[in-house]
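Report on one structure; see the data block that follows.
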Amino acid sequence: LLFPVSNLCGKCRPRDTDLLQPSLNFLYWSLHQTTPCSQQRAVAVLLSNVSLLELLQKVLECTWLWSPSSRPAYLSSEDALLCSGWLLVASLLLYQHRYNTEVHQTLSVDLTEVLNAVIFRNKKPILLLVSIMQFLRAVLRQNFSSSLLVIVGQNTAPSATQPQPSSLQDTALHPLAMQQVFSLVVSLQNLLVHKDLLLSQAVVACLETLVEYLYVKNQDAALHVASQPWHRFLLFTLLSGGQKSFLQPEVLRLMTLFVRYQSSNIISQKEISQIVQEAAEANLAELPEATSCALHLFLCQV
């Protein structure tokens, strides 16, 4: 089925949302739900289809072309298509890297546009933000060096006529600039305050990947970002209601991040003791799976 569905997608235009959106979803789930031995073949089938990749390129570009003012409060068919496109591309990046699959057609993405989509949000639905963050995580994990992807943007092509990076940090973090990193971190913190479960999971995962990327590129920059005092205010906001609030999965994952990077000004021994105490008093068998996994990672990190 991958052959006819991927060929069908390649013959469509981005405006053919009724046909494209379920088709892209089928391709996405075919990648994720198949057996490991079939997964490599599925990736090869999709990456060898040049017309499909050209269609995906057009779908991603529609993210910046379609007017946000025309978006209704609910998830429109156009936005649903964009979500499917970004998630499929993020998956292709992941599996192409895993299996070192041959690439017949590259995709081009403007890094500045991707970052601005998260930083400024601009009326984008939560599900679309989550999908773009999944893509951002994929490129961060690959250090912006995927053979499937060409990154363009104001920081990606320095020339003699352009100003030099403002600091050694910008050079080390290329193609990111430190100012972009700070803007992104503040925006992720603001999105966490919404306390939407799906959004919170995506935001914390993106923050984890970002700090990991920074740590590889420049340890001082990573530790500086992880120890920002605003993080502590964010934790107080997330803990502002409900009993056993330390056992929220997004709070536990944030705590794990701060322990990992030794941000003692953000999380103290007192908070660590409170988490352990709440875990000791909880019925672990009744905890949701996401909470159990997050608690396990936190205790291992401690």
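Counting only helices (runs of 4 or more DSSP H) that sit completely within region 246-302, those holding 2 or more residues that are closer than 21 Å to SER200 by Cα and basic (Lys, Arg) correspond to 249-260.
Please determine, by comparing only the residues of region 9-29 that are of a type in the set (S, T, N, Q) and surrounded by 17 or more Cβ atoms within 10 Å (Cβ to Cβ), which one is farthest from LEU53 (Cα to Cα). Please lay out each step first, then the result.
Going residue by residue through region 9-29, those that are of a type in the set (S, T, N, Q) are 17, 21, 23, 25.
If we keep only those that are surrounded by 17 or more Cβ atoms within 10 Å (Cβ to Cβ) too, we end up with 17, 21, 23.
On the way: THR17: 16, GLN21: 15, SER23: 14 Å.
So the residue we want is THR17.
If the condition is being of a type in the set (Lys, Arg), closer than 18 Å to SER84 by Cα and not in a loop (DSSP other than H, G, I, E, B), then region 117-143 contributes only ARG137.
Just one of the listed residues (LEU184, LEU168, LEU192, LEU115) is closer than 28 Å to PRO229 by Cβ, aliphatic (A, V, I, L, M), open to solvent by less than 10 Å² (accessible area, probe 1.4 Å) and modelled with pLDDT under 95, namely LEU192. If you filter region 256-273 down to residues that are modelled with pLDDT of 90 or more and of a type in the set (Ser, Thr, Tyr), you find that the one that is most open to solvent (accessible area, probe 1.4 Å) is SER273. Taking each residue of region 274-302 that is over 11 Å from GLN248 (Cα atoms) and open to solvent by less than 80 Å² (accessible area, probe 1.4 Å) and looking for partners that are among the hydroxyl-bearing types (Ser, Thr, Tyr) and part of a helix (DSSP H, G or I) with beta-carbon atoms closer than 8 Å, six or more apart or interchain, yields PHE298/THR256; GLN301/THR256. Applying the condition of being open to solvent by 20 Å² or more (accessible area, probe 1.4 Å) and small (Gly, Ala, Ser) to region 232-255 and asking which residue is modelled with the highest pLDDT yields SER240.
Every condition in (1) at pLDDT 95 or above; (2) outside any helix (DSSP H, G or I); (3) among the hydrophobic types (A, V, I, L, M, F, W, C) holds for LEU176 except the one numbered (1). Criterion applied to PRO68, PRO22, PRO4 was being modelled with pLDDT under 95 and not hydrophobic (A, V, I, L, M, F, W, C), and the one residue passing it is PRO68.
The values are calculated or read from the model by the stated rules, or taken from the named source; none is laboratory data. Just so it is clear, the model here is predicted, and its values are computed rather than measured. Heads up, the Cβs are rebuilt from the backbone with ideal geometry, glycines too, and the neighbour counts pull from every protein chain shown. Just the protein is used for accessible areas: all its heavy atoms, side chains included, with ligands, DNA and RNA removed. Shrake-Rupley method; radii C 1.70, N 1.55, O 1.52, S 1.80 Å.
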